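First up is the structure itself, then whatever we jot down about it.
The values are calculated or read from the model by the stated rules, or taken from the named source; none is laboratory data. Remember, it's a predicted structure, so these values are computed and weren't measured experimentally. Glycine also receives a Cβ, built like all others from the backbone with ideal geometry; neighbour counts cover every protein chain displayed. Accessible surface areas use protein heavy atoms only, side chains included; no ligands, DNA or RNA. Shrake-Rupley method; radii C 1.70, N 1.55, O 1.52, S 1.80 Å.
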Amino acid sequence: MGYNLKIQRLVLQTQSEASIQDKLKLLLEAIQIADFNADIDWGFDLRIELITTEVLVASTNLSVPAIVWILDIVDTNPDYFEPIEYLHEYKWLFACSFRTTDVSPEQFFAIAEDFIRRLEQAGYSKRAYFQILAMWYQHIQNFEKGKEIIALLKQEPIDELSDNMAFELTLESYNLIKLGFIEEALIFGNSLFSTKFEYLDTAFDSYCVFAYEFFLLKDPRAYEYFRLALSKEKQYESSDCTSNIRSRILFMFLQDQYGMSECWSLFEKICWWEQGTEDYYSFYFIKFSLPMLKKQTGYRKFSFPNRFPLYAEDGRYNMQELFIHFKQRAMSYAKAFDNRNGNNFYKTEIEYFLSLK
(Lines give C-alpha, C1' and ligand atoms only; values in the text may rest on other atoms or scores of the structure.)
Protein backbone atom coordinates (compact mmCIF):
# COMPACT_ATOMS: atom_id res chain seq x y z
CA MET A 1 0.00 0.00 0.00
CA GLY A 2 1.39 3.43 -0.97
CA TYR A 3 1.96 6.00 1.75
CA ASN A 4 -0.66 8.37 0.28
CA LEU A 5 -3.32 5.72 0.71
CA LYS A 6 -2.16 4.98 4.27
CA ILE A 7 -2.48 8.67 5.16
CA GLN A 8 -5.90 8.93 3.52
CA ARG A 9 -7.13 5.92 5.50
CA LEU A 10 -5.92 7.44 8.77
CA VAL A 11 -7.58 10.77 7.95
CA LEU A 12 -10.80 8.93 7.14
CA GLN A 13 -10.61 7.18 10.52
CA THR A 14 -10.37 10.53 12.33
CA GLN A 15 -13.73 11.54 10.84
CA SER A 16 -15.54 8.68 12.58
CA GLU A 17 -13.57 8.80 15.83
CA ALA A 18 -15.49 10.36 18.74
CA SER A 19 -12.52 10.65 21.11
CA ILE A 20 -10.43 13.78 20.54
CA GLN A 21 -7.36 12.11 22.02
CA ASP A 22 -7.74 9.18 19.62
CA LYS A 23 -8.12 11.58 16.70
CA LEU A 24 -4.88 13.25 17.73
CA LYS A 25 -3.09 9.87 17.84
CA LEU A 26 -4.29 9.07 14.32
CA LEU A 27 -3.13 12.44 13.05
CA LEU A 28 0.29 11.99 14.67
CA GLU A 29 0.60 8.60 12.98
CA ALA A 30 -0.27 10.17 9.62
CA ILE A 31 2.26 12.98 10.21
CA GLN A 32 5.01 10.43 10.87
CA ILE A 33 4.27 8.77 7.54
CA ALA A 34 4.25 12.11 5.71
CA ASP A 35 7.55 13.17 7.29
CA PHE A 36 9.20 9.83 6.56
CA ASN A 37 8.29 10.34 2.91
CA ALA A 38 9.34 14.03 2.97
CA ASP A 39 5.88 15.08 1.81
CA ILE A 40 5.57 18.70 2.93
CA ASP A 41 2.05 19.10 1.52
CA TRP A 42 0.67 16.31 3.69
CA GLY A 43 2.91 17.40 6.57
CA PHE A 44 1.51 20.92 6.39
CA ASP A 45 -2.17 19.96 6.03
CA LEU A 46 -2.04 17.30 8.75
CA ARG A 47 -0.39 19.66 11.23
CA ILE A 48 -3.03 22.32 10.58
CA GLU A 49 -5.65 19.65 11.29
CA LEU A 50 -3.75 18.63 14.44
CA ILE A 51 -3.79 22.20 15.75
CA THR A 52 -7.50 22.75 15.06
CA THR A 53 -8.28 19.40 16.72
CA GLU A 54 -6.19 20.01 19.85
CA VAL A 55 -8.07 23.29 20.37
CA LEU A 56 -11.04 21.10 21.40
CA VAL A 57 -9.18 19.96 24.54
CA ALA A 58 -7.67 23.41 25.28
CA SER A 59 -4.14 22.09 25.06
CA THR A 60 -1.13 23.11 22.98
CA ASN A 61 1.29 20.27 23.78
CA LEU A 62 1.17 18.96 20.21
CA SER A 63 0.30 22.25 18.51
CA VAL A 64 3.42 24.16 19.49
CA PRO A 65 5.87 21.78 17.76
CA ALA A 66 3.41 21.60 14.86
CA ILE A 67 3.37 25.37 14.31
CA VAL A 68 7.16 25.54 14.69
CA TRP A 69 7.46 22.96 11.87
CA ILE A 70 4.94 24.89 9.75
CA LEU A 71 6.73 28.23 10.18
CA ASP A 72 10.07 26.63 9.37
CA ILE A 73 8.72 24.95 6.23
CA VAL A 74 7.05 28.22 5.16
CA ASP A 75 10.33 30.11 5.60
CA THR A 76 12.34 27.54 3.65
CA ASN A 77 9.74 27.35 0.88
CA PRO A 78 8.74 30.99 0.30
CA ASP A 79 5.64 31.57 -1.84
CA TYR A 80 4.69 27.87 -1.68
CA PHE A 81 1.99 28.29 0.98
CA GLU A 82 -0.46 31.17 1.27
CA PRO A 83 -0.15 33.05 4.61
CA ILE A 84 -3.88 32.71 5.32
CA GLU A 85 -3.37 28.92 5.34
CA TYR A 86 -1.49 29.11 8.65
CA LEU A 87 -1.84 32.59 10.18
CA HIS A 88 -5.18 31.81 11.87
CA GLU A 89 -3.54 28.89 13.67
CA TYR A 90 -0.47 30.98 14.51
CA LYS A 91 -2.71 33.69 15.95
CA TRP A 92 -4.47 31.10 18.12
CA LEU A 93 -1.18 29.76 19.49
CA PHE A 94 0.12 33.30 20.02
CA ALA A 95 -2.97 33.88 22.19
CA CYS A 96 -2.42 30.59 24.04
CA SER A 97 1.26 31.22 24.74
CA PHE A 98 0.82 33.31 27.89
CA ARG A 99 -1.57 30.77 29.43
CA THR A 100 1.42 28.59 30.25
CA THR A 101 3.58 29.56 33.22
CA ASP A 102 6.72 28.35 31.44
CA VAL A 103 6.46 31.14 28.83
CA SER A 104 8.24 34.27 30.06
CA PRO A 105 7.26 37.83 29.08
CA GLU A 106 10.40 37.94 26.92
CA GLN A 107 9.33 34.80 25.08
CA PHE A 108 5.79 36.10 24.67
CA PHE A 109 7.02 39.34 23.10
CA ALA A 110 9.43 37.43 20.86
CA ILE A 111 6.44 35.48 19.51
CA ALA A 112 4.53 38.77 19.20
CA GLU A 113 7.33 40.31 17.18
CA ASP A 114 7.46 37.34 14.82
CA PHE A 115 3.67 37.30 14.45
CA ILE A 116 3.39 40.99 13.56
CA ARG A 117 6.31 40.66 11.12
CA ARG A 118 4.46 37.90 9.29
CA LEU A 119 1.22 39.90 9.32
CA GLU A 120 2.89 42.90 7.72
CA GLN A 121 4.79 40.79 5.18
CA ALA A 122 1.49 39.24 4.10
CA GLY A 123 -0.24 42.63 3.84
CA TYR A 124 -2.55 42.30 6.86
CA SER A 125 -3.26 45.05 9.39
CA LYS A 126 -2.01 45.02 12.99
CA ARG A 127 -5.53 44.58 14.37
CA ALA A 128 -5.15 40.81 15.03
CA TYR A 129 -1.86 41.51 16.82
CA PHE A 130 -3.43 44.18 19.04
CA GLN A 131 -6.31 41.84 19.90
CA ILE A 132 -3.90 39.36 21.48
CA LEU A 133 -1.74 42.07 23.04
CA ALA A 134 -4.80 43.48 24.81
CA MET A 135 -5.51 39.99 26.20
CA TRP A 136 -1.96 39.82 27.55
CA TYR A 137 -2.28 43.10 29.44
CA GLN A 138 -5.63 42.03 30.85
CA HIS A 139 -4.06 38.78 31.98
CA ILE A 140 -1.31 40.60 33.91
CA GLN A 141 -3.97 42.98 35.31
CA ASN A 142 -2.64 46.10 33.56
CA PHE A 143 -6.00 47.44 32.41
CA GLU A 144 -4.75 50.97 31.74
CA LYS A 145 -2.32 49.52 29.23
CA GLY A 146 -5.13 47.31 27.95
CA LYS A 147 -7.16 50.47 27.32
CA GLU A 148 -4.29 51.95 25.28
CA ILE A 149 -3.96 48.80 23.17
CA ILE A 150 -7.72 48.63 22.52
CA ALA A 151 -7.56 52.24 21.28
CA LEU A 152 -4.73 51.28 18.89
CA LEU A 153 -6.71 48.24 17.79
CA LYS A 154 -9.63 50.43 16.72
CA GLN A 155 -7.38 52.46 14.43
CA GLU A 156 -6.45 49.40 12.37
CA PRO A 157 -8.53 48.11 9.44
CA ILE A 158 -10.58 44.95 9.95
CA ASP A 159 -9.38 42.07 7.83
CA GLU A 160 -9.81 38.32 7.49
CA LEU A 161 -7.62 37.64 10.54
CA SER A 162 -9.27 40.16 12.85
CA ASP A 163 -12.95 40.21 11.87
CA ASN A 164 -14.49 39.28 15.24
CA MET A 165 -16.78 41.97 16.60
CA ALA A 166 -18.12 39.79 19.42
CA PHE A 167 -14.60 39.16 20.71
CA GLU A 168 -13.72 42.85 20.60
CA LEU A 169 -16.91 43.83 22.43
CA THR A 170 -16.09 41.26 25.10
CA LEU A 171 -12.52 42.52 25.30
CA GLU A 172 -13.54 46.16 25.76
CA SER A 173 -16.43 45.50 28.13
CA TYR A 174 -14.19 43.43 30.42
CA ASN A 175 -11.52 46.14 30.39
CA LEU A 176 -14.13 48.74 31.36
CA ILE A 177 -15.39 46.54 34.20
CA LYS A 178 -11.91 46.18 35.64
CA LEU A 179 -11.29 49.92 35.38
CA GLY A 180 -14.44 50.49 37.45
CA PHE A 181 -16.76 51.58 34.63
CA ILE A 182 -19.31 48.83 34.92
CA GLU A 183 -22.28 50.91 33.69
CA GLU A 184 -20.33 51.79 30.55
CA ALA A 185 -19.41 48.12 30.18
CA LEU A 186 -23.09 47.24 30.22
CA ILE A 187 -23.57 49.34 27.08
CA PHE A 188 -21.22 46.95 25.27
CA GLY A 189 -22.87 44.07 27.10
CA ASN A 190 -26.27 44.85 25.59
CA SER A 191 -25.02 43.78 22.17
CA LEU A 192 -23.56 40.60 23.65
CA PHE A 193 -26.77 39.82 25.56
CA SER A 194 -28.77 39.95 22.34
CA THR A 195 -28.98 37.32 19.62
CA LYS A 196 -27.03 39.58 17.29
CA PHE A 197 -24.18 37.08 16.99
CA GLU A 198 -26.02 33.99 15.85
CA TYR A 199 -22.81 32.03 15.33
CA LEU A 200 -21.67 32.53 18.95
CA ASP A 201 -23.31 31.89 22.30
CA THR A 202 -22.41 35.34 23.67
CA ALA A 203 -25.47 35.82 25.90
CA PHE A 204 -24.71 33.00 28.37
CA ASP A 205 -21.04 33.92 28.49
CA SER A 206 -21.69 37.63 29.06
CA TYR A 207 -24.42 37.15 31.65
CA CYS A 208 -22.06 34.91 33.64
CA VAL A 209 -19.24 37.48 33.51
CA PHE A 210 -21.46 40.35 34.64
CA ALA A 211 -23.11 38.19 37.32
CA TYR A 212 -19.69 37.37 38.76
CA GLU A 213 -18.43 40.97 38.58
CA PHE A 214 -21.58 42.18 40.34
CA PHE A 215 -21.04 39.42 42.91
CA LEU A 216 -17.52 40.76 43.59
CA LEU A 217 -19.00 44.24 44.08
CA LYS A 218 -21.77 42.89 46.34
CA ASP A 219 -24.18 44.47 43.89
CA PRO A 220 -27.71 42.97 44.12
CA ARG A 221 -27.80 42.75 40.32
CA ALA A 222 -25.54 39.69 40.64
CA TYR A 223 -28.45 37.33 41.21
CA GLU A 224 -30.49 39.01 38.47
CA TYR A 225 -27.73 38.37 35.93
CA PHE A 226 -27.19 34.85 37.24
CA ARG A 227 -30.87 34.14 36.58
CA LEU A 228 -30.47 35.54 33.08
CA ALA A 229 -27.48 33.23 32.53
CA LEU A 230 -29.61 30.35 33.82
CA SER A 231 -32.24 31.17 31.20
CA LYS A 232 -29.59 30.96 28.46
CA GLU A 233 -27.89 27.80 29.69
CA LYS A 234 -27.69 25.15 27.02
CA GLN A 235 -26.87 21.48 26.86
CA TYR A 236 -23.44 20.58 25.54
CA GLU A 237 -22.27 17.38 23.94
CA SER A 238 -20.78 15.01 26.51
CA SER A 239 -17.38 15.31 24.82
CA ASP A 240 -17.50 19.13 24.69
CA CYS A 241 -15.91 20.82 27.66
CA THR A 242 -14.23 23.75 25.93
CA SER A 243 -17.19 25.71 24.54
CA ASN A 244 -17.80 28.66 26.87
CA ILE A 245 -15.52 26.94 29.39
CA ARG A 246 -14.69 30.03 31.44
CA SER A 247 -18.32 31.06 31.73
CA ARG A 248 -19.32 27.51 32.62
CA ILE A 249 -16.80 27.59 35.46
CA LEU A 250 -18.18 30.96 36.62
CA PHE A 251 -21.67 29.46 36.37
CA MET A 252 -20.59 26.50 38.52
CA PHE A 253 -19.22 28.91 41.15
CA LEU A 254 -22.41 30.99 41.16
CA GLN A 255 -24.59 27.88 41.35
CA ASP A 256 -22.76 26.95 44.54
CA GLN A 257 -23.00 30.46 45.98
CA TYR A 258 -26.76 30.44 45.39
CA GLY A 259 -27.22 26.99 46.89
CA MET A 260 -27.77 24.96 43.72
CA SER A 261 -26.49 21.38 44.01
CA GLU A 262 -26.23 21.16 40.20
CA CYS A 263 -22.79 22.75 40.58
CA TRP A 264 -21.37 19.32 41.41
CA SER A 265 -22.37 17.91 38.04
CA LEU A 266 -20.30 20.59 36.30
CA PHE A 267 -17.47 20.10 38.79
CA GLU A 268 -17.29 16.38 38.00
CA LYS A 269 -17.41 16.95 34.24
CA ILE A 270 -14.62 19.55 34.27
CA CYS A 271 -12.43 17.36 36.48
CA TRP A 272 -12.39 14.87 33.60
CA TRP A 273 -11.19 17.53 31.20
CA GLU A 274 -8.80 19.77 33.12
CA GLN A 275 -6.08 17.16 33.62
CA GLY A 276 -3.42 18.07 31.06
CA THR A 277 -5.01 21.26 29.77
CA GLU A 278 -3.29 24.66 29.69
CA ASP A 279 -2.06 25.99 33.04
CA TYR A 280 -4.39 28.96 32.95
CA TYR A 281 -7.55 26.89 32.43
CA SER A 282 -6.58 24.36 35.10
CA PHE A 283 -5.93 27.22 37.50
CA TYR A 284 -9.17 28.97 36.55
CA PHE A 285 -11.19 25.86 37.36
CA ILE A 286 -9.30 25.02 40.54
CA LYS A 287 -9.57 28.48 42.10
CA PHE A 288 -13.33 28.69 41.53
CA SER A 289 -13.73 25.22 43.02
CA LEU A 290 -12.10 26.17 46.33
CA PRO A 291 -15.16 27.77 48.00
CA MET A 292 -17.27 24.75 46.99
CA LEU A 293 -14.84 22.23 48.42
CA LYS A 294 -13.87 24.17 51.54
CA LYS A 295 -17.29 23.90 53.19
CA GLN A 296 -17.80 20.20 52.43
CA THR A 297 -17.31 17.40 54.95
CA GLY A 298 -17.50 13.64 54.76
CA TYR A 299 -17.50 11.75 51.46
CA ARG A 300 -19.10 12.26 48.06
CA LYS A 301 -19.23 9.98 45.05
CA PHE A 302 -17.69 11.13 41.78
CA SER A 303 -16.89 9.39 38.52
CA PHE A 304 -13.35 10.68 37.98
CA PRO A 305 -10.87 9.34 35.39
CA ASN A 306 -8.16 7.02 36.68
CA ARG A 307 -5.55 9.67 35.80
CA PHE A 308 -7.05 11.91 38.52
CA PRO A 309 -4.30 12.30 41.20
CA LEU A 310 -6.58 11.17 44.05
CA TYR A 311 -8.40 8.52 42.02
CA ALA A 312 -10.43 6.04 44.10
CA GLU A 313 -11.72 2.84 42.54
CA ASP A 314 -14.94 2.91 44.58
CA GLY A 315 -15.62 6.51 43.49
CA ARG A 316 -15.86 7.77 47.09
CA TYR A 317 -13.84 10.88 47.86
CA ASN A 318 -13.03 12.57 51.13
CA MET A 319 -14.09 16.16 50.49
CA GLN A 320 -11.50 17.73 52.77
CA GLU A 321 -8.73 15.73 51.07
CA LEU A 322 -10.01 17.06 47.73
CA PHE A 323 -10.03 20.59 49.16
CA ILE A 324 -6.42 20.30 50.39
CA HIS A 325 -5.31 18.89 47.02
CA PHE A 326 -7.03 21.69 45.09
CA LYS A 327 -5.73 24.35 47.48
CA GLN A 328 -2.14 23.16 47.06
CA ARG A 329 -2.47 23.20 43.27
CA ALA A 330 -4.11 26.64 43.34
CA MET A 331 -1.31 28.13 45.45
CA SER A 332 1.32 26.56 43.17
CA TYR A 333 -0.29 28.02 40.03
CA ALA A 334 -0.81 31.41 41.70
CA LYS A 335 2.86 31.60 42.69
CA ALA A 336 4.03 30.60 39.20
CA PHE A 337 1.77 33.10 37.41
CA ASP A 338 2.56 35.93 39.85
CA ASN A 339 6.31 35.33 39.52
CA ARG A 340 5.97 35.39 35.75
CA ASN A 341 3.62 38.41 35.67
CA GLY A 342 5.53 40.48 38.24
CA ASN A 343 2.70 41.03 40.73
CA ASN A 344 0.78 39.20 43.47
CA PHE A 345 -2.69 39.38 41.95
CA TYR A 346 -3.41 35.65 41.82
CA LYS A 347 -2.16 35.04 45.37
CA THR A 348 -4.55 37.76 46.57
CA GLU A 349 -7.34 36.26 44.49
CA ILE A 350 -6.82 32.82 46.08
CA GLU A 351 -6.99 34.42 49.52
CA TYR A 352 -10.33 35.93 48.51
CA PHE A 353 -11.75 32.59 47.36
CA LEU A 354 -10.60 30.92 50.56
CA SER A 355 -12.37 33.64 52.61
CA LEU A 356 -15.77 32.91 51.02
CA LYS A 357 -18.31 30.86 52.90
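Assorted remarks:
- Set side by side, the residues 80, 124 differ, and just one is assigned to a loop (DSSP other than H, G, I, E, B) and surrounded by fewer than 16 Cβ atoms within 10 Å (Cβ to Cβ), which is 80.
- Residue 70 vs. criteria assigned to a helix (DSSP H, G or I), touching a Lys or Arg at 6+ places or on another chain (Cβ under 9 Å), open to solvent by 30 Å² or more (accessible area, probe 1.4 Å) and of a type in the set (A, V, I, L, M): no
- Flag if residue 282 is among the polar types (S, T, N, Q), part of a helix (DSSP H, G or I) and modelled with pLDDT under 95: yes
- Subset of the stretch 126-171 [in contact (Cβ under 8 Å) with a residue 40 or more places away in the chain, of a type outside the set (A, V, I, L, M) and either in contact with a strand residue (DSSP E or B) (Cβ under 6 Å, 6 or more places away or on another chain) or under 20 Å from residue 99 (Cα atoms) (or both)]: 131, 138, 139, 141
- Cβ pairs under 7 Å, 6+ apart, first in the stretch 17-36 and outside any helix (DSSP H, G or I), second surrounded by 15 or more Cβ atoms within 10 Å (Cβ to Cβ) and not aliphatic (A, V, I, L, M): 17/23
- Taking the criterion of being touching a strand residue (DSSP E or B) at 6+ places or on another chain (Cβ under 9 Å) and crowded, with 18+ Cβ neighbours inside 10 Å, the residues of the stretch 314-357 that qualify are 317, 322.
- For the stretch 306-354, the tally of residues that are touching a Pro at 6+ places or on another chain (Cβ under 9 Å), over 18 Å from residue 138 (Cα atoms) and small (Gly, Ala, Ser) stands at 0.
- Residue check for residue 162: among the small types (Gly, Ala, Ser) and either closer than 23 Å to residue 230 by Cβ or touching a Pro at 6+ places or on another chain (Cβ under 6 Å) (or both): no
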